[in-house]
Amino acid sequence: MNSLEQTTQLVIDLIKQNKASDFEFSIGRSSGVSTAVRLSNVETLQYHLDTSFDVSVYFGKNKGQATSVDLSKESLKKAIDSACMIAKYTQEDPFNGLAPKDKMAWDAPDLDLYHPWKLEAKQSIEIATECEQIALEQNEIDNSDGAELSSYEGETYYANSNGLVTSIKNTRHSLHCSLIAKRDAEMQTAYEYSIALDSNDLISPSKIGQKAASLAQQKLGSRNLKSQKCPVIFVPRQSSGLFSQLLGALSGSRQFKKTSFLLDSLGKVVLNESISIFEDPLKAKTLGARAFDLDGVLKSKQFFVENGIVSTYMMGQYSANQLGLKTTANAGGVSNCRVNSNYDGGLAELTKEMKKGLIVTDLMGHGVNATTGDYSRGASGFWVENGEIQYPVSGITIAGNLKDMLKNITYVGNDFDLRSNLKVGTTLISEMTIAGEG
């Protein structure tokens, strides 16, 4: 057994001494390195080594929780004793309890998520420096917010009183570059990044730098717009945030707390009938893939919205108990979620399809009311006429209600952004309100 597996067995033995009726816990260890370079100078070079322990114990329907970042026997015992003491003083909750034994991840598949990178400090500095240097060589790039390279690997064990002991090992590597473009007195910022489980799948430093520079250059010469209603396109990196609002509204916790703008929406239409949202968590070597949720429940492919209609909420065991439903293995959120495409093309084709309207490339602020669905955020992007980009725009606000915005989504492109746990393409909304000049 490795050291984490041995520690897991030690925790099981310690909890059993307290005679709890049920228990569950996760224990993890992670390490990584991150290097930030700005104007060819190393700003930070950090090594990370973290451990964590999170335990829940049940005495009937009374639950106690405790955490620790120290995995010594003494600290583990203190955390367990604290959880047991808390359970004895908390109010009984009839919705507490483990997930059903037959739902557990007894045979969790290996999803090929572990690809460690022996990244030396010198190599990390060279890669980040190359990325930034190429960006700074581009026209009108005046300054840099820096380039950052990071590499992470982790291992987590989950165990409970049903006898389940399972584990997951994963890695994540990323390269990010942020720049400032300048023309006369105007300055614009932009960034580009790459994320991968395997370092060999990262986009090259030169391409990241060139793309970041191009995005910053394109923003120069921005104008304002007159207040109006018009079609709006969200580029893929912004589309994921829009659909995240929908998934959040379908979460079991928001449903039983009655804080969702899509309250009691099972079986109801929330999207165009040609659009579905599904989770494909067991897809190997994929960002966001996961074999089991935080309750230890085995995951499987499922639809949240099918042909525009809500087919299920996102639930862990506790929220499922609250709603009188069965867990969907979503304790901790979704894993490798995708919005299907209903349009054969991406941003360029949908720009022609829209003919006249706004392309949103950046959003600012947090003007979203999750309970009412009211949406109002600062935005910048490009103005389109005759199916072609005319000029960049900034200093505007886009507004609407998420219920209407979601139903007014006419097309989702096939240019999926694979860097996110929620993968979606360019999204065209038939109408939103733009607040600008006058």
Per-residue [θ]222 nm for the chain (sum of -39500 (n - 2.57) over DSSP H runs n ≥ 4, rounded to 500) = -7000 deg cm²/dmol
key: Label point at K283 placed 7 Å out along Cα→Cβ; residues across the stretch 290-324 whose backbone nitrogen lies under 15 Å   = 290-291, 300-304
query = To the nearest 10 degrees, how steep is helix 3-16 against the longest Cα principal axis of the chain, on a 0 to 90 scale?
reply = 50
request  = Pop a pseudo-label 7 angstrom from the Cα along the beta-carbon direction at both Q123 and S227 and give the gap in nm to one decimal.
outcome  = 5.7
ask   = Dipole of the chain (Lys/Arg Cβ +1, Asp/Glu Cβ -1, origin at the Cα centre): which of L39, A329, L71 lies farthest to the positive side?
value = A329
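How long is the gain from D184 to K73 if the chain were fully straight, where each residue apart is worth 0.36 nm and the alpha carbon distance is subtracted?
This chain segment gains 33.7 nm when fully extended.
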query = For the chain, with every protein chain kept in place, what is the accessible area per residue (1.4 Å probe, Å²)?
reply = 46
query = Hey, any idea what % of the stretch 320-362's accessible area is carbon plus sulfur with a 1.4 Å probe?
reply = 47
key: Mean projected area in nm² (Cα convex hull; one quarter of hull surface) for the stretch 153-229   = 10.5
query = When only C-alpha pairs under 8 Å and at least 6 residues apart count, what is the relative contact order of the chain, in percent?
reply = 15
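Quick one, what does Rg over Rh come out to for the stretch 1-157 if you take C-alpha atoms and the Kirkwood Rh?
That ratio equals 1.17.
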query = Of all trypsin sites (Lys or Arg not before Pro) in the stretch 188-259, which ones are in loop regions per DSSP and have a Cβ with at most 12 other Cβ atoms within 10 Å?
reply = K258
query = Expressed as an acute angle from 0 to 90° and rounded to the nearest 10, what is the orientation of the C-alpha long axis of helix 236-249 relative to the principal long axis of the chain?
reply = 40
query = Of F261, F23, F59, which is the most mobile in a GNM of the chain whose springs link Cα atoms less than 10 angstrom apart?
reply = F59
request  = Relative to the compact-globule scaling 2.2 N^0.38 Å, provide the ratio for the alpha-carbon radius of gyration of the stretch 238-357.
outcome  = 1.14
query = Ignoring ligands, DNA and RNA, what percent of the 1.4 Å accessible area of the stretch 57-173 is carbon and sulfur?
reply = 46
remark   = Restricting to lysines and to Cα separations under 30 Å from K268, and discarding same-chain partners fewer than 8 apart, the set is K103, K229, K257, K258, K283, K299, K301, K326, K403, K407, K423
inquiry  = Among N162, N200, N414, which one shows the highest mean-square fluctuation when the chain is modelled as a Gaussian network with alpha-carbon springs under 10 Å?
reply    = N200
Cα-based Rg of the stretch 165-282 normalised by 2.2 N^0.38 Å, two decimals = 1.51
request  = Using only alpha carbons, build the gyration tensor for the stretch 126-191 and give me the equivalent ellipsoid semi-axes, biggest first, whole Å.
outcome  = 44, 13, 6
query = If eta is 1.002 mPa s and T is 20 °C, what Stokes-Einstein diffusion coefficient results for the stretch 1-58, Kirkwood Rh from Cα pairs, in µm²/s?
reply = 150
task = Using only C-alpha atoms and all pairs of different ones, pull out the Kirkwood radius for the chain in Å with one decimal.
result = 24.1
note = Quick shape check on the stretch 59-119: root eigenvalues a ≥ b ≥ c of the Cα gyration tensor, a/c under 1.5 is rounded, otherwise prolate if a/b tops b/c, else oblate, and it reads oblate
request  = Could you tell me which of rounded, prolate or oblate describes the stretch 287-386, using a ≥ b ≥ c as the square roots of the eigenvalues of the alpha-carbon gyration tensor, with rounded for a/c under 1.5 and, failing that, prolate when a/b is larger than b/c and oblate otherwise?
outcome  = prolate
request  = With a Förster radius of 22 Å, plug the Cβ-Cβ distance of K257 and S52 into 1/(1 + (r/R0)^6) and report the FRET value to the nearest 0.05.
outcome  = 0.25
inquiry  = Can you compute the modelled spin-label distance between N143 and V42, with each label point 7 Å from Cα toward Cβ, in nm?
reply    = 2.5
key: Size of electric dipole in the chain: Cβ of Lys, Arg +1 and of Asp, Glu -1, about Cα centre, debye, nearest 20   = 1120
remark   = Of the residues S178, Y158, I168, the Cα lying farthest along the dipole of the stretch 137-193 towards its positive end, which is defined by charges on the beta carbon of Lys, Arg, Asp and Glu, belongs to Y158
ask   = Against the longest principal axis of the chain, how steep is helix 205-219, in degrees 0 to 90 to the nearest 10, with axes from Cα atoms?
value = 50
inquiry  = Can you give me the C-alpha center-to-center distance between the stretch 260-281 and the stretch 183-235, rounded to a whole angstrom?
reply    = 30
remark   = Zone reached by a paramagnetic label modelled 7 Å from L266 Cα along Cα→Cβ, restricted to the stretch 306-320 with backbone N below 16 Å, covers 306, 309-320
task = Report the equivalent ellipsoid semi-axes for the stretch 314-438 in whole Å, largest first, defined as the square roots of five times the eigenvalues of the gyration tensor built from alpha carbon atoms.
result = 31, 19, 12
ask   = Charges only on Cβ, +1 for Lys and Arg, -1 for Asp and Glu: so what's the dipole of the stretch 80-182 about the Cα centre, in debye to the nearest 20?
value = 480
request  = With a cut-off of at most 15 other beta carbons within 10 Å, and DSSP calling the residue loop, which trypsin sites (Lys or Arg not before Pro) in the stretch 314-368 qualify? Please list them.
outcome  = K326, K355, K356
note = Per GNM of the chain with C-alpha springs under 10 angstrom, the most fluctuating residue out of D102, D417, D264 is D102
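The values are calculated or read from the model by the stated rules, or taken from the named source; none is laboratory data. Keep in mind that what you see is a predicted model, and the values were worked out from it rather than measured. Positions of Cβ are generated from backbone atoms using ideal geometry, with glycine treated the same way; all protein chains shown enter the neighbour counts. Surface accessibility is based on the protein's heavy atoms, side chains included, excluding ligands, DNA and RNA. Shrake-Rupley method; radii C 1.70, N 1.55, O 1.52, S 1.80 Å.
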